[in-house]
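A.B. asks: Mind having a look at this structure? Questions to follow.
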Amino acid sequence: MLHCICKLVKFCTTVGSNDEFYSATLSVLISLQSRIVLHYVCRKYDYENYLSTLLIPSAISRAATFVLRAFYIELAQVLQIFFSHV
């Protein structure tokens, strides 16, 4: 599914960038792609917290929590890479 969204984003950027419809479609696709990536990263690297985040009732709070969790995952990966080369 992510591959299809990337193709649609590429299509929308090449076709009619001045048109309001294409710019609105592009923004929706980018936000959808971002949500898919955040869910994938959280599910793959922090499955327990991914499951607990799904139980948050508010969609806005859930989205913010996924962003924070993905950020923490990225920080942990940077630290692992740094200390593995030292």
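A.B. asks: Would you pick out the residues in the range 37-61 that are surrounded by 13 or more Cβ atoms within 10 Å (Cβ to Cβ) and not hydroxyl-bearing (Ser, Thr, Tyr)?
C.D. replies: Initially, the range 37-61 is screened for residues surrounded by 13 or more Cβ atoms within 10 Å (Cβ to Cβ), giving 37-43, 45-46, 49-50, 53-54, 56.
Within the range 37-61, VAL37, LEU38, HIS39, VAL41, CYS42, ARG43, ASP46, ASN49, LEU54, ILE56 meet the criteria.
Per-residue answers, yes or no, for (1) at pLDDT 90 or above; (2) of a type outside the set (A, V, I, L, M):
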| site | (1), (2) |
| --- | --- |
| MET1 | no, no |
| VAL9 | no, no |
| GLU20 | no, yes |
| ALA24 | no, no |
| ASP46 | yes, yes |
| ILE56 | yes, no |
| ILE60 | no, no |
| PHE82 | no, yes |
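The values are calculated or read from the model by the stated rules, or taken from the named source; none is laboratory data. Not measured: the values here are computed from a predicted model. Glycine also receives a Cβ, built like all others from the backbone with ideal geometry; neighbour counts cover every protein chain displayed.
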